[in-house]
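Asker: I am attaching a structure below and will ask some questions about it afterwards.
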Amino acid sequence: MSFELYFFRPKSAPLSDDTINAYLDAKIPLPPGQTPQDGAWHYGNIHTGVYFSLYRNHASEKMHQDYIGFSDTGIMMELNYVRPDFFGREAFIFVKQMTDELGLYINDPRGIIDYPVPCNSTLLFEGWQQMNRKASLHFFDVHATTYLAPELSDKLWGFNVTRPLLQAELGSAYYVPQIMLFKDLHTHEPIRLAAWLAPNAAVFPQVDYVIVNRRVKNWLGAVKEETGIISYDQLIMILGDFLTRVNGTDAYVLLPQYAPDVARLIEKIPLDTAFNTRMVLANMSQVSNYKPL
């Protein structure tokens, strides 16, 4: 079950198929190890988890109508329903950029305007969101769905989508983690996690738990690696004197000069090392911003 969108070019400004293909090849590069698929581009953002596809040779369902002054590019976009709303937010940002840069027009077969029009990402999102809500509610009990409140979902996406920029701004001395979404194996409740390689300098976005990887010594003096989780609030309280707020966010940053002091603290922090028996990484196809009353 998916949303479909078609792309048109004005006859007054001819645009070749090769130009469109080259644009999509550059904007949606093939992941390493994958074989090219003729006439198909599969967008996937490793930072946010958002994905959608574009296909060539999919003429509009309404091509029997005479769209005077336009020709069909044969490109169709496919975006699934029953996804977090940020899938639509990110997808239509891409569509807006694509149509602006190539001078294309769009036609939404389910829309109220039966004619190619300039892209309005806000209207596209609102139309997709309405259908996404209906589909999400309908299938909520069919799948083992994890409900993620819209405000938490938007904050998760907002941090992850800008994470590469923050990493570039801070530099290689810091680690800016992705916010990962897990779910409880029994209740399907969402659990937000971020990773930290202790005691290195890092950013701590607001989550439920932090996955800490640290080195500890046993009673014989041997060093081993240990991984476990600790609640975000507890970790922030323990590291409080060494943390600084990141401007414009609710995240904290641990500065490199404090790493030696933190190293002395970190071995005493209690970690839950059996967390992976209770939770797993959430599948975005089973995450919803809507649930039945």
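Asker: What about Gly69, is it at positive phi, surrounded by fewer than 22 Cβ atoms within 10 Å (Cβ to Cβ), assigned by TED's automatic domain parsing to the domain that holds Tyr51 and touching a Leu at 6+ places or on another chain (Cβ under 7 Å)?
Answerer: no
Asker: Of the residues that sit in the range 1-25 and are in contact (Cβ under 8 Å) with a residue 60 or more places away in the chain and of a type in the set (D, E, K, R), which one is surrounded by the most Cβ atoms within 10 Å (Cβ to Cβ)?
Answerer: Arg9
Asker: Looking at (1) part of a loop (DSSP other than H, G, I, E, B); (2) of a type outside the set (Gly, Ala, Ser); (3) modelled with pLDDT of 95 or more; (4) within 10 Å of Met279 (Cβ to Cβ), can you tell me which one His186 breaks?
Answerer: Single failed check for His186: (3).
Asker: Restricting attention to the range 95-112, does a residue exist that is closer than 30 Å to Ile191 by Cβ, touching a strand residue (DSSP E or B) at 6+ places or on another chain (Cβ under 8 Å) and among the polar types (S, T, N, Q)?
Answerer: Within the range 95-112, not a single residue is closer than 30 Å to Ile191 by Cβ, touching a strand residue (DSSP E or B) at 6+ places or on another chain (Cβ under 8 Å) and among the polar types (S, T, N, Q).
Asker: Oh, and also: List pairs: first residue in the range 207-228 and assigned by TED's automatic domain parsing to the domain that holds Val176 and basic (Lys, Arg), second residue surrounded by 18 or more Cβ atoms within 10 Å (Cβ to Cβ) and not in a strand (DSSP E or B) anywhere in the structure, Cβ distance under 7 angstrom, at least six positions apart or on different chains.
Answerer: Sorted first by the residue in the range 207-228, then by its partner, the pairs are Arg214/Ala198; Arg214/Ile266.
Asker: If Gln167 satisfies all but one of (1) more than 15 Å from the chain's Cα centre (by Cα); (2) buried (at least 19 other Cβ atoms within 10 Å of the Cβ); (3) not basic (Lys, Arg), what's the number of the condition it fails?
Answerer: Of (1) more than 15 Å from the chain's Cα centre (by Cα); (2) buried (at least 19 other Cβ atoms within 10 Å of the Cβ); (3) not basic (Lys, Arg), only one is false for Gln167: (2).
Asker: List the pairs whose first member sits in the range 92-110 and is basic (Lys, Arg), whose second member is buried (at least 17 other Cβ atoms within 10 Å of the Cβ), and whose Cβ atoms are under 6 Å apart, counting only residues at least 6 apart or on separate chains?
Answerer: Taking only residues 6 or more apart or on different chains, the pairs are Lys96/Cys119; Lys96/Ser121.
Asker: Where in the range 233-293 are there strands (runs of 3 or more DSSP E), lying fully within it, with 2 or more residues that are in the same structural domain as Trp157 (by TED's automatic domain parsing) and surrounded by 14 or more Cβ atoms within 10 Å (Cβ to Cβ)?
Answerer: Passing ranges, in order: 252-254.
The values are calculated or read from the model by the stated rules, or taken from the named source; none is laboratory data. Predicted model only: the values in this text are computed from it and were never measured. For neighbour counting, all protein chains shown are included, and Cβ atoms are generated from backbone atoms with ideal geometry for every residue, glycine included.
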